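Dropping a structure here in structure tokens format, bear with me for questions.
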């Protein structure tokens, strides 16, 4: 059955460099703007998102080896999977210990525990996540203490994505390891753009005369570049102008981007009788 390694066309022992190289090649090949298959493009992105991260890759490999199935959707604690107590309890029931020999008494060890995890929500604009950014947050711990934490958000972060930061959670019980911090990002539209996946949509209103003869206007991108947009003569209401490769970056890869789509709205101005006389024979 196909897995993330098959998707990228690399072996399970592939280096980070090989995985990144394979992703770049396939992302360019399957990008929808280049006539590629959008479903395959998303599959390639999903595979790379898992395998580029050492921790995610280790968990993914463990699930494939011990949990069966494809392993794409996983939520596994490796400490639980290989916890010594599990083996201790199993073999003790037969009178043996995992190290060999017979067991006189069953030994129960409490699992390593940690303080509670914390969950917070961070709201950012699409302009802020156009590039990777660092944010300084004040987090209220259960103990009542406020702690300042610095977190990094990758470029192109999607709305609703949750990031895990180890050891930044609750620390109330000093005898336990510290919990983790989970930050869920809400990404809001801004700067005149509406985001749809990696594409940005904007509206531009022109009058009917500009639509008939054609016109030009300028648009400011999220990284503050100014683009000249040409509206062809005869453009119809609802016409779409595609500015290829000017949209949101894909994942944390600034050289692969979506598009900007500008929807043209056309208005009919209110004219005086004399103005109507001038154009009635056009």
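Can you tell me the FRET efficiency between residue 49 and residue 175 if r is taken as the Cβ-Cβ distance and R0 is 51 Å, rounded to the nearest 0.05? Mind showing how you got there, number by number?
Values: r = 36 Å, r/R0 = 0.71.
Once the sixth-power term is evaluated, E becomes 0.90.
Shifting gears a bit: Return the distance in nm (one decimal) between the two label points of a simple spin-label model at residue 225 and residue 24, each offset 7 Å from Cα along Cα→Cβ.
So the two model labels end up 1.9 nm from each other.
How many angstrom lie between the Cα centre of the stretch 132-175 and the Cα centre of the stretch 186-218?
Centre-to-centre distance over Cα atoms comes out at 35 Å.
Ranking 133, 208, 157 by Cβ neighbours within 10 Å, fewest first, what do you get? Intermediate results must be reported in sequence, preceding the final value.
Numbers: 133 15, 208 12, 157 23.
Lowest count first: 208, 133, 157.
State, as an integer percentage, the relative contact order of the stretch 194-270 based on alpha-carbon contacts under 8 Å between residues 6 or more apart. Before the final figure, lay out the partial values.
Details: 153 pairs, mean separation 30.5, N = 77.
Result for the stretch 194-270 is 40 percent.
Cut-off is 10 Å between beta-carbons; in what order do 197, 248 appear when sorted fewest neighbours first?
Numbers: 197 13, 248 24.
Ascending number of Cβ neighbours within 10 Å: 197, 248.
Something else about it: What is the calculated FRET efficiency for residue 212 to residue 158, with r their C-beta to C-beta distance and R₀ = 51 Å, to the nearest 0.05? List each step's numbers first, then the result.
Details: r = 40 Å, r/R0 = 0.79.
With a Förster radius of 51 Å, E is 0.80.
Please order 127, 17, 196 by the number of other Cβ within 10 Å, starting at the fewest. Kindly include the intermediate steps, with their values, before the conclusion.
Details: 127 18, 17 8, 196 13.
Taking fewest neighbouring Cβ atoms as first place, the list is 17, 196, 127.
If each of residue 205 and residue 131 carries a label point 7 Å out from its Cα toward its Cβ, how far apart are those two points in nm?
Inter-label distance under the simple model: 3.3 nm.
Between residue 40 and residue 16, what FRET efficiency follows from the Cβ-Cβ distance if R0 is 30 Å, with the result rounded to 0.05? Kindly include the intermediate steps, with their values, before the conclusion.
On the way: r = 22 Å, r/R0 = 0.74.
Calculated value: 0.85.
Every read-out reported here was derived from the displayed coordinates using simple, explicitly stated rules and does not represent laboratory data. Since this is a predicted model, take the numbers as computed values, not measurements. Virtual Cβ from ideal backbone geometry, glycine too; neighbours counted across all protein chains shown.
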